[in-house]
Every structure is written in C-alpha cells, then in structure tokens.
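A.B. asks: Here it is, the structure, as structure tokens.
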Amino acid sequence: MSKPWFIVAASALALQACGQSNPGLDQTGAAPALPDRQETLVPPMKIATPAGWNGQTPTVPSGFTVTALATDLKIPRQILVLPNGDVLVAEGSGGATAPKMRPKDFIAGYIKAKGKTKVKGGNQVTLLRDADGDGRAELREVLIKDLNAPYGLAFVDGAIYVANQDALLRFPYQQGQTRITAPGQEVTKLPSRINHHWTKSLTASADGTKLYVGIGSNSNIGERGLDVEEERAVVWEIDWLTGARRTIAHGIRNPTALAIEPRSSALWAVVNERDELGPQLVPDYLTSVRDGAFYGWPYSYWGQNVDPRVHPQKPEMVAKAIAPDYALGSHVAALGLSFATQGGFGGQYAEGAFVGQHGSWNRQDLSGYKVVWIPFAGGRPSGKPVDFVTGFLDQNHARGRPVGVTFDPGRRILLVADDLSNTVWRIAPTR
Amino acid sequence: MRAAEGTGAPVLHPIHAILMAFPLALFAAGLVSDIAYLKTAVIQWSNFSAWLIAGALLVGGGVLAWAIVETVFPRRTERPRALAYLAAVAIMWIAGLINAFHHSHDGWSAVGVTGVALSVVSTLAALVAAGIGYSGQRAGRIVR
C-alpha cells in the first residue's frame, strides 16, 4: 500500500540530487564547460521568495555608493537616459496572451509567480529627474501613459522610441518635457501572437539610422509547435524613417537586451537560453550579433550541440549554427546590458559591459541575482565576469531582482532597474 | 456450475464501476494521442495526452482509494480477487503518475518511447482491472 509513497519519496530525493550543479564547472567566457543533458522527471525548481530590503541596499565595490533613485515603481524593466540627464523607466508586464496549454503550465506558472512582485505592471514610461545629483529623484512624472507592456527604449534624432510588446512606437519629444500627450506613431508592428517571451528589447545603431529590436521565442523549446515560431528568436533591423525591416539574426532564443559596443560600433545582445536540460545547461550568453547568423535555437545550443526535444530535427540547420561569443552561466537570466562609454568609471571599469542578471528558477543552487562587469579590450571580452552589484539575495530569499542596466557617461553613474522591489538603483563613484 | 459463472453481483459497486470507466477510457485515449503525436509531431496531440492522463489520474485516484478499502475490508468479494484488482489499479495509477510527470517535459521528450510505453502499461492495467472488476461472481462466494 505504501508503494506510491515510496515512489514519490524516491523521486523527490532523486530530484534534489539532480538539481544540484557541479561548482567546479566553469561556465563563463568564450568556451564554457557543458555537462551532459539531464532531463529529470520534474525539472529542478528553486524560487527565491521575496524578502524586501528593509532599509538595506545592494552591495557595490569599495569606492562606490548606491542610492535608490526611485522606489514604488510599477515593475521597472529597462532604463534610458535622455541628453538632459532625465531618466526614463519602462514599467509593465506582458505575455498575458500566452495561453496555458497543459497541466504543467498552470503548476509552473503558479510556482514561478512566487518569485515575482505582486504589483501590477504600470504600462507606462516614468520620467525621473535628479537635478541636484544627490542620488534621489526629486521630480517624478509619468511621461507616457497607456502603453502595452513597454520594454525597450531608445532616443534617436530628437524622438523617443518605445518597444511595446506588440509594436514599435515613436513619440515626439521636446527637451525638458515631462509629459507627452501626443499619441505614439507606429513605426512597425512587432510579432505578438502568443508572446510567450513578450519583452521587445531595443537599441539604436551607432550612426542613429537604424533601430534594432530583439524578439524572443514563443516557447522554451518549440513545445507550442514550430508554426508559431515564425519571426521569433530573431533580431530585426528597422529603418525608423520608413518602417522597413530586415531580420539580421535567427535562432537567438531570447535576446532580452541590445546595446552598441562603443569601440567597434557593433551590435551586442544578452540572450537567455533554454531550460529543463539540467542545472548547468544551457549557459545564457553575451554575443555580438553577426549579420545573417543562426545561433541554433531550437535545433541546437552553444553552437552545434543537438537538442533532441525538437522534432522534426534539422541537421542542415544545426550545421549552420554558430557559437555565441561569451557565456554568462546557466539560468542566470541576463536581462540587462550596457557598455561603459567615454571612459566608464575609469580604472578596471573603463572598457567593458555591465550585465543585469535577473536570477534562476531552474536549478537548486540559485544563480544570477546580481549585476556583473565584463571587461573588454579592443571591442571584445577580455576576462572573467566580476561581481559589480550584489546583495540581491538574502540566503534563499530575494530582496530584489535586477533587470535593465544603463551606464550614463554624462553623470558617470550606473542605473539598475529592480523589478521585485520596484526600485531604480543608482550607483556612483564616491566623491 | 458453469451456468452460474459470470452471473450474480459484480465485484465492483456500481459507483466504483462508473469511476473505473474514466481511467479505462482516458488512459486508452491518451495512448492513442501519444501514438498520433509520435506519428505526426503535431504538438497538440501531446497536449491532449497530458490532459487525458491528468484526468485519468484524478478519477483514478478515487478508484485506487476505494480499491484499497475493499482489500482491507472485503465486503463484495473475497480478498484474493480484491487484491488482484488492487494490484492492477495500483500499477495503472503509478505508471500514470510517472507518465504525467514525463508528459510535462517540453517537445519530443513529453512523449518519446518512455511516454508511449507508460501509456501502454496504464492502458493494459486498466483493462485488466476493469476485466476483474466488471465480471460477475457466484453469489455463494461473496463474503458475508
């Protein structure tokens, strides 16, 4: 009679064992160690439940101070600094149109929601102004209202561009303006059917003539059918004058942040890779987005490692897949990318990229939940990631979860959006 | 003797028999949709299987509980028959539970060889359980 319980207990034990990772495995840099695939009966799930900051702040390196530029936001995601120093924050949450198809979708959705804020997304862009430079915004206005899960932001040729979950919009802007009431002009629609990965990341080319939009896949690994993956897991190049667009990269599972590397003017992206192949597969990555490249999804990962979960398999596509430039670690959930420009913070933080890591659910030992610095030399990564902002975890609880990161060369500050405590953190060198 | 066989009260209470009809039909339907998925790679068949197995487990859980009670306190049949019925229901349900987790995988891994094999086990066990449970028995053999 105790047979079912024995099985349940045995599988629970097996799961605990399988969700643990091997700390000796180096999964960062150009050639990450990739273990064998582990598809356990139930994927390892570990949610860091919210704890709150309780007056504390994130930890920054010595020589830096951190302040809350603004609190009580409505799910801040990505940040843009305007030429006059005003800070724009996209607030919202999308993907509500993705239907739950299986019993699993209900259960996994419930579990993952335990690691998220209870606040409702604002569907707006908030403007923050810290004119006296004390690290706290004394002016706060809703610049643009009634958006649809805004995420990516860009400023080109005097206009503000907002990537909603279903369209790229242009808003006219006058310097110093704190409220825009004119309706947005639609530059182009963006793929929005289902929107399993709803975030539309955005950046402008170095010369300002093009906009790039990152569009995530419509599933983890094609479990919603491959017919809904058309123009998903891609990066678009859009001519903002005409709205004409071209797909410059394919198979790039979920490009959650885009940025221009200042030395080479090349487009780079942080990309979230697939889940449920074990605690140390597949590493999320930072890569230059090469024109015409295929990065493997869904058929293969990290170059040409075949994912057996996709049918029909396509060896001809696997053969085309290229490996990304730089691994960030498995399940770290990189959502933010910003390059240090105009000398950055100087010293060891002069040339490189800040990467915001939202944090893991698909492994027993939590990973991510921090902002790292990746040193660059000559426009390429030149070393291991260095922790830059930490303290987001309090043992097994999360005080916050970093999303977008933005380096502002004008004021020499780094801004970090935290979508769990609904805060924008400002990190500056100590004077 | 022969004429008496198969007549009289069936092993299962009518409500128990109705409950047992669910896993019998749902596991079999799940097996068919598993095969359809492996033949076509159309993901919706895999989704159907996941729900069919979940439904079979839900009602099958009640069947399992009832079968355990009937084995501990045999009222409608003698214990060996109740035990054989319980064994078949237990195999059906446990294979189904493992299969429900297996069907929670993404893509081809939701079914594959393991998934369809577990569906076969659950379906055959459900057939055996129903065969035992729905058959009649001679009135004289009933305990009490």
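The values are calculated or read from the model by the stated rules, or taken from the named source; none is laboratory data. Remember, predicted model here, so these are calculated numbers, not experimental data. Glycine also receives a Cβ, built like all others from the backbone with ideal geometry; neighbour counts cover every protein chain displayed.
A.B. asks: Restricting the first residue to the range A:237-256 and requiring it to be free of Cβ contacts under 8 Å to residues at least 24 places away in the same chain, which pairs with a second residue that is of a type in the set (D, E, K, R) and part of a loop (DSSP other than H, G, I, E, B) meet a Cβ separation below 9 Å and a spacing of at least six or different chains?
C.D. replies: That search, which allows pairs on different chains as well, returns A:Thr247/A:Glu231.
A.B. asks: Now a separate question. From B:Ala50, B:Ala28, grab the single residue that is out of contact with any Asp or Glu (no Cβ under 6 Å at 6 or more places or on another chain), buried (at least 17 other Cβ atoms within 10 Å of the Cβ) and under 15 Å from B:Val121 (Cβ atoms). It would help to see each step written out before you state the result.
C.D. replies: Working: B:Ala50 fails: under 15 Å from B:Val121 (Cβ atoms).
Only one candidate passes the filter, namely B:Ala28.
A.B. asks: Follow-up. Scan the range A:404-431 for residues that are more than 22 Å from A:Gly52 (Cβ to Cβ) and of a type in the set (S, T, N, Q) and jot them down.
C.D. replies: Scanning the range A:404-431 gives A:Thr406, A:Thr430.
A.B. asks: Still on this structure, please answer the following. Right, B:Leu57: under 12 Å from the mean Cα position of the chain (by Cα) and more than 18 Å from B:Tyr134 (Cα to Cα) or not?
C.D. replies: Judged against the criteria, B:Leu57 is a match.
A.B. asks: Out of the residues in the range A:320-347 that are among the polar types (S, T, N, Q) and in contact with a Phe, Trp or Tyr (Cβ under 8 Å, 6 or more places away or on another chain), state the one that is nearest to A:Val60 (Cα to Cα).
C.D. replies: The extreme case among them is A:Ser338.
A.B. asks: Moving to a separate point now. Quick one: in the range A:38-60, of everything that is in a loop (DSSP other than H, G, I, E, B) and closer than 14 Å to A:Asp418 by Cβ, which residue is nearest to the other protein chains (Cβ to nearest Cβ)?
C.D. replies: Per the stated criteria, the residue is A:Ala48.
A.B. asks: Okay, moving on. When residues of the range A:61-77 are filtered for being assigned to a loop (DSSP other than H, G, I, E, B), among the aliphatic types (A, V, I, L, M) and surrounded by fewer than 21 Cβ atoms within 10 Å (Cβ to Cβ), how many remain?
C.D. replies: Adding up the residues that qualify gives 0.
A.B. asks: Do the conditions hold for A:Ile248, that is, is it more than 14 Å from chain B (Cβ to nearest Cβ) and modelled with pLDDT of 95 or more?
C.D. replies: yes
A.B. asks: Sort out which residues of the range B:60-97 are under 11 Å from the mean Cα position of the chain (by Cα) and aliphatic (A, V, I, L, M), and write them in order of number.
C.D. replies: Those that are under 11 Å from the mean Cα position of the chain (by Cα) and aliphatic (A, V, I, L, M): B:Val63, B:Leu64, B:Leu86, B:Ala87, B:Ala88, B:Val89, B:Ala90, B:Ile91, B:Met92, B:Ile94, B:Ala95.
A.B. asks: Would you say B:Ser33 is in contact with an Asp or Glu (Cβ under 9 Å, 6 or more places away or on another chain), at pLDDT 95 or above and crowded, with 19+ Cβ neighbours inside 10 Å?
C.D. replies: no
A.B. asks: Still on this model: Name the residue that is surrounded by the fewest Cβ atoms within 10 Å (Cβ to Cβ), counting only residues in the range A:300-351 that are in a loop (DSSP other than H, G, I, E, B) and within 14 Å of another protein chain (Cβ to nearest Cβ).
C.D. replies: Only one residue fits best here, namely A:Pro312.
A.B. asks: Further question: What's the number of the only condition in (1) in contact with an Asp or Glu (Cβ under 8 Å, 6 or more places away or on another chain); (2) within 15 Å of A:Val270 (Cα to Cα) that A:Tyr299 fails to meet?
C.D. replies: That leaves (2) as the condition not met.
A.B. asks: Within the range A:188-202, which residues are in a strand (DSSP E or B) and either within 14 Å of chain B (Cβ to nearest Cβ) or closer than 21 Å to A:Ala257 by Cβ (or both)?
C.D. replies: A:Thr188, A:Lys200, A:Ser201, A:Leu202
A.B. asks: Follow-up. Within the range B:95-134, work out how many residues are aromatic (Phe, Trp, Tyr) and surrounded by fewer than 21 Cβ atoms within 10 Å (Cβ to Cβ).
C.D. replies: Initial filter on the range B:95-134 (aromatic (Phe, Trp, Tyr)): B:101, B:108, B:134.
If we keep only those that are surrounded by fewer than 21 Cβ atoms within 10 Å (Cβ to Cβ) too, we end up with B:101, B:134.
Number of matching residues: 2.
A.B. asks: Then there's this: For residues that are assigned to a strand (DSSP E or B) and small (Gly, Ala, Ser), scanning just the range A:220-266, find the one that is surrounded by the most Cβ atoms within 10 Å (Cβ to Cβ). Steps first, please.
C.D. replies: We begin by selecting, within the range A:220-266, every residue assigned to a strand (DSSP E or B); these are A:234-239, A:245-250, A:254-260.
If we keep only those that are small (Gly, Ala, Ser) too, we end up with A:249, A:257, A:259.
On the way: A:Ala249: 26, A:Ala257: 30, A:Ala259: 25.
Step by step, filter the range A:220-266, then rank; the result is A:Ala257.
A.B. asks: Then there's this: On the given criteria, is A:Ser205 under 27 Å from A:Ala334 (Cα atoms) and within 14 Å of another protein chain (Cβ to nearest Cβ)?
C.D. replies: no
A.B. asks: So, B:Ala126, is that one within 21 Å of B:Ala25 (Cβ to Cβ), touching a residue at least 24 places away in the same chain (Cβ under 8 Å) and of a type in the set (A, V, I, L, M, F, W, C) or not?
C.D. replies: Against the criterion (within 21 Å of B:Ala25 (Cβ to Cβ), touching a residue at least 24 places away in the same chain (Cβ under 8 Å) and of a type in the set (A, V, I, L, M, F, W, C)), B:Ala126 qualifies.
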